[in-house]
1. Could you say whether any residue in the range 227-242 is assigned to a helix (DSSP H, G or I), open to solvent by 30 Å² or more (accessible area, probe 1.4 Å), in contact (Cβ under 8 Å) with a residue 60 or more places away in the chain and under 18 Å from residue 173 (Cβ atoms)?
2. Starting from residues that are hydroxyl-bearing (Ser, Thr, Tyr) and open to solvent by less than 20 Å² (accessible area, probe 1.4 Å), keep the ones in the range 175-191 and report whichever is farthest from residue 29 (Cα to Cα).
3. Would you check which residues across the range 75-86 are exposed (fewer than 15 other Cβ atoms within 10 Å of the Cβ) and either assigned to a helix (DSSP H, G or I) or touching a His at 6+ places or on another chain (Cβ under 8 Å) (or both) and list them?
4. Out of curiosity, is residue 62 out of contact with any strand residue (DSSP E or B) (no Cβ under 9 Å at 6 or more places or on another chain), under 26 Å from residue 230 (Cα atoms), modelled with pLDDT of 95 or more and not small (Gly, Ala, Ser)?
5. Can you tell me how many residues in the range 275-287 are open to solvent by 50 Å² or more (accessible area, probe 1.4 Å) and in contact (Cβ under 8 Å) with a residue 40 or more places away in the chain?
6. Has the range 241-252 got any residue that is modelled with pLDDT under 90 and more than 18 Å from the chain's Cα centre (by Cα)?
7. Quick check on the range 101-108. Is at least one of its residues surrounded by 12 or more Cβ atoms within 10 Å (Cβ to Cβ), in a loop (DSSP other than H, G, I, E, B), at pLDDT 95 or above and touching a Gly at 6+ places or on another chain (Cβ under 6 Å)?
8. Based on this model, can you work out whether residue 188 counts as at pLDDT 95 or above, under 22 Å from residue 22 (Cα atoms) and in contact with a strand residue (DSSP E or B) (Cβ under 6 Å, 6 or more places away or on another chain)?
Amino acid sequence: MKKDIKDLKGFNCDFNSYLAGVWEGDGHIDIQIITSPLIKKYNPRFCITTHEKNKPWLMVIKSELNNYGFIRYKKKEHALVLTISNIEGLLLIINKLNGNLKTPKIDKFYDLIDWLNINKNLNIEKLPIDDNLKDNSWLTGFIEADGSFYIRCSEPNLLSNRKKPRISVRLTIEQRMLSPSGKSYELILKEIAKEFNASLTIVTKVNNKQYYCVSFSSQNSTIILKKYLDIHCLSSVKYLDYLNWVDALNIIINKNHLEPTGINAIKHLKGCMNNSRRYFNWDHLKL
């Protein structure tokens, strides 16, 4: 029986660290700066942005957060934004994220704690950055926000006398160079690369902006990543791309990727993921 979106719920991961990774990758906090006593004061806004195709996933996140906030649609960007601004919801967010953050974005989170302590007469403690990567689901959430799974299957190049197709899989995580407070993301991205035997480079986009890029492309790094994600599972539409990616990885590991059947299978897997995906199954969001 097909599940209704409103009935989907549940994540196969440590939700607090997972949510921290999602927010540090694709979230922000807006705090109003008062320049005049005549300006109406608004609560801070905690936001998470995702692609419109992730609506069931975002609705489950909202459910996990006691249904605080609202989801708005940004038509031009094909994006959805979950926004929480009521005090009870903000306190729940702090309870879940405090002590689970790993990037310089923690400064903005501390600003939220300061706002609540000052304006609501509270005494919330600011917990430090967590340096544990492999034993929780933070990286899973970070991949949900900033990671992309790819399968390469290029035809032989007659000009270079290459007779065999080039077949490989990789995951990339791209992140801007600096946080909103002007601090570098290099330290945490270096740590990810080190822990998973991946590589860290700087890439330049067409807008001439530079980004850090962690690349899981060697067989060793992709196998380490697979072992991690099999325990700390993805839940957004990227989980579906991950399944294709893993199938292609297994064909490569079994050394069948240069056989006709293996090549055809990998071409099929590549052709129905990412922007080419037309079928979406949310059964992994457990009841």
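The values are calculated or read from the model by the stated rules, or taken from the named source; none is laboratory data. Predicted model only: the values in this text are computed from it and were never measured. Positions of Cβ are backbone-derived with ideal geometry, glycine not excepted, and every protein chain shown enters the neighbour counts. Side chains are part of the model used for accessible areas, which takes the heavy atoms of the whole protein and leaves out ligands, DNA and RNA. Shrake-Rupley method; radii C 1.70, N 1.55, O 1.52, S 1.80 Å.
1. Yes, because at least one residue in the range 227-242 is assigned to a helix (DSSP H, G or I), open to solvent by 30 Å² or more (accessible area, probe 1.4 Å), in contact (Cβ under 8 Å) with a residue 60 or more places away in the chain and under 18 Å from residue 173 (Cβ atoms).
2. Only one residue fits best here, namely 185.
3. 78, the sole residue that qualifies.
4. no
5. 4
6. No.
7. no
8. Considered against the rule, which asks whether it is at pLDDT 95 or above, under 22 Å from residue 22 (Cα atoms) and in contact with a strand residue (DSSP E or B) (Cβ under 6 Å, 6 or more places away or on another chain), residue 188 comes out as no.
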